[in-house]
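*Asks:* Pasting in a structure now, in structure tokens, and then I'll have a few things to ask.
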Amino acid sequence: MAIKLEEELYSPIKRYYEERGYIVKSEVMHCDMVALHPNHTDTVIIEMKKTFTLALLLQGIVRLRLNSNVVLAVERNRKKSGAHNQRFGDLTELCRMLGLGLMTVTFYKTKAPFIEWLCEPGDPPQRGIRHRKRERLLTEFKERSGDYNVGGSTGRKLVTAYREKALRCAYALQKKGPSAPREVALLTGYSKSGNMLRNNEYGWFHKIERGKYALLPQGAEALIQYKEVLSDWITQTNFEQ
């Protein structure tokens, strides 16, 4: 059940804090909500939005200048699981990195709203470096012979390390004619040429008989399209000799 107004978040959040002994007041010095425990040692500033936005995040950062306990509160809409502002795992980690708390409120037609803590103010980040993905990133970087893409572009076929190797296999077949995988591997220096020819991800290769592959017209077109990608490699390896 989606809410229509941001203010619908106020009552369930206020009730939540009051049940835990806080005194709650709204719109205090532009803060959506302030909860103060009677012992005066625990003050919480809560900022609310229907969805997680940059404006909400910036509000939270500004409130940290007033108080160390700042909580961002948004609706958790079960019908928008794919929306960018519902990527709660990433949003929670972002809040952890900034020292902010994050809570969600789920509304139902027939029962009371449900409040869930995703992180509390001051919770440390949980996600460390993903070492395997980092190694893949570095391997991909090192195995590319140059920078043949345009950062931020969409709708283009990227020149990856894999595509470069496929182009080298295609070039070898174009120059030497139908060849066995081991011959292509020797010519290109790529030990997994056989797997690449068999998988034929780009549709450039054709198995003409057992253990022998030829280049298809699509592969020849790719060599023309990506000729600048191969030029340095051809020069460096003295392939033409």
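*Asks:* Can you spot a residue in the stretch 142-156 that is more than 20 Å from Ser231 (Cβ to Cβ), touching a residue at least 12 places away in the same chain (Cβ under 8 Å), over 17 Å from the mean Cα position of the chain (by Cα) and assigned by TED's automatic domain parsing to the domain that holds Lys227?
*Replies:* Among the residues of the stretch 142-156, not one is more than 20 Å from Ser231 (Cβ to Cβ), touching a residue at least 12 places away in the same chain (Cβ under 8 Å), over 17 Å from the mean Cα position of the chain (by Cα) and assigned by TED's automatic domain parsing to the domain that holds Lys227, which makes the answer no.
*Asks:* When the stretch 174-217 is examined, which residues are found to be acidic (Asp, Glu) and more than 36 Å from the chain's Cα centre (by Cα)?
*Replies:* Glu183, Glu209, listed by residue number.
Listed here are the residues, each with its yes/no results for (1) at pLDDT 90 or above; (2) in a helix (DSSP H, G or I); (3) touching a helix residue (DSSP H, G or I) at 6+ places or on another chain (Cβ under 8 Å).
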{"position": "Ala166", "(1), (2), (3)": "yes, yes, yes"}
{"position": "Tyr171", "(1), (2), (3)": "yes, yes, yes"}
{"position": "Leu186", "(1), (2), (3)": "yes, yes, no"}
{"position": "Ser191", "(1), (2), (3)": "yes, no, yes"}
{"position": "Ile224", "(1), (2), (3)": "yes, yes, no"}
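*Asks:* Yes or no: the stretch 203-210 includes at least one residue that is outside any strand (DSSP E or B), among the aliphatic types (A, V, I, L, M) and assigned by TED's automatic domain parsing to the domain that holds Thr160.
*Replies:* Taking every residue of the stretch 203-210 in turn, none turns out to be outside any strand (DSSP E or B), among the aliphatic types (A, V, I, L, M) and assigned by TED's automatic domain parsing to the domain that holds Thr160.
*Asks:* How about the stretch 1-54: which of its residues are of a type in the set (S, T, N, Q) and closer than 19 Å to Glu75 by Cβ?
*Replies:* Hits for the stretch 1-54 are Ser11, Ser26, Thr51, Thr53.
The values are calculated or read from the model by the stated rules, or taken from the named source; none is laboratory data. From a predicted model like this one, the values you see are computed outputs, not experimental measurements. All Cβ positions, glycine included, derive from the backbone under ideal geometry; neighbour counts span all protein chains shown.
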